[in-house]
1. Do the conditions hold for residue 12, that is, is it surrounded by fewer than 15 Cβ atoms within 10 Å (Cβ to Cβ), at pLDDT below 90 and in a loop (DSSP other than H, G, I, E, B)?
2. What is the residue count in the range 36-60 for residues that are farther than 18 Å from residue 106 by Cα and buried (at least 18 other Cβ atoms within 10 Å of the Cβ)?
3. Working only within the range 52-92, note down all residues that are among the acidic types (Asp, Glu) and assigned to a helix (DSSP H, G or I).
4. Determine if the range 136-150 includes at least one residue that is on the phi < 0 side of the Ramachandran plot, modelled with pLDDT under 90 and not assigned by TED's automatic domain parsing to the domain that holds residue 15.
5. Could you say whether any residue in the range 62-74 is modelled with pLDDT of 60 or more, closer than 28 Å to residue 149 by Cβ, within 21 Å of the chain's Cα centre (by Cα) and acidic (Asp, Glu)?
Amino acid sequence: MLYRKRDEVKTEAALPEWVRSWFLEGREPAPGSAEHDEYRRARFLSGGKGEAELWTRHRDVLLAEWVADHPGTRPAPWWRVEAPELREVRPGQHIVVGRTSYFEGGIPIVFPEGEGELVYAGELRVEGEAAYLKRLGLFLPGEEARVRRGAFADETIDFNDLDAA
């Protein structure tokens, strides 16, 4: 048992704090720091492979920590690296006018070729994160029981609010 505890501590120590902050809080390391150079290599200079490698290496610890505080949801890197598919857009929604070149939180954000403006206008109703996880059988053990009932409802994204931000 003592050996197992030492192993668990060693695993925790192997997770750099900047990786935890980036993946779980969306905070980049301070510009000019060695950590920022590592972050830039992982995020931008490796074609996304560095981010995927870091996520895969530390996935179990990061996901357990995230789910402890946010059951029924997943952090942004999980969506970029691990999500098996996008969330369902509910019927009657006008969606794709262009190709899907980016998504955030499992929601397709569509840009027309060569332009930087969102194609969506108004509101888009999508499958809630908890419903997505349930449909695909992606809950961690014991997670579903901790999700509040309303979290399974569809979500409405107002793209007009995004333009104002």
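1. no
2. Number of matching residues: 4.
3. Result: 53, 60, 65, 69.
4. Scanning the range 136-150 turns up at least one residue that is on the phi < 0 side of the Ramachandran plot, modelled with pLDDT under 90 and not assigned by TED's automatic domain parsing to the domain that holds residue 15.
5. Among the residues of the range 62-74, at least one is modelled with pLDDT of 60 or more, closer than 28 Å to residue 149 by Cβ, within 21 Å of the chain's Cα centre (by Cα) and acidic (Asp, Glu), which makes the answer yes.
The values are calculated or read from the model by the stated rules, or taken from the named source; none is laboratory data. This is a predicted model, so every value here is computed, not measured. Cβ atoms come from the backbone with ideal geometry, glycine included; neighbour counts cover every protein chain shown.
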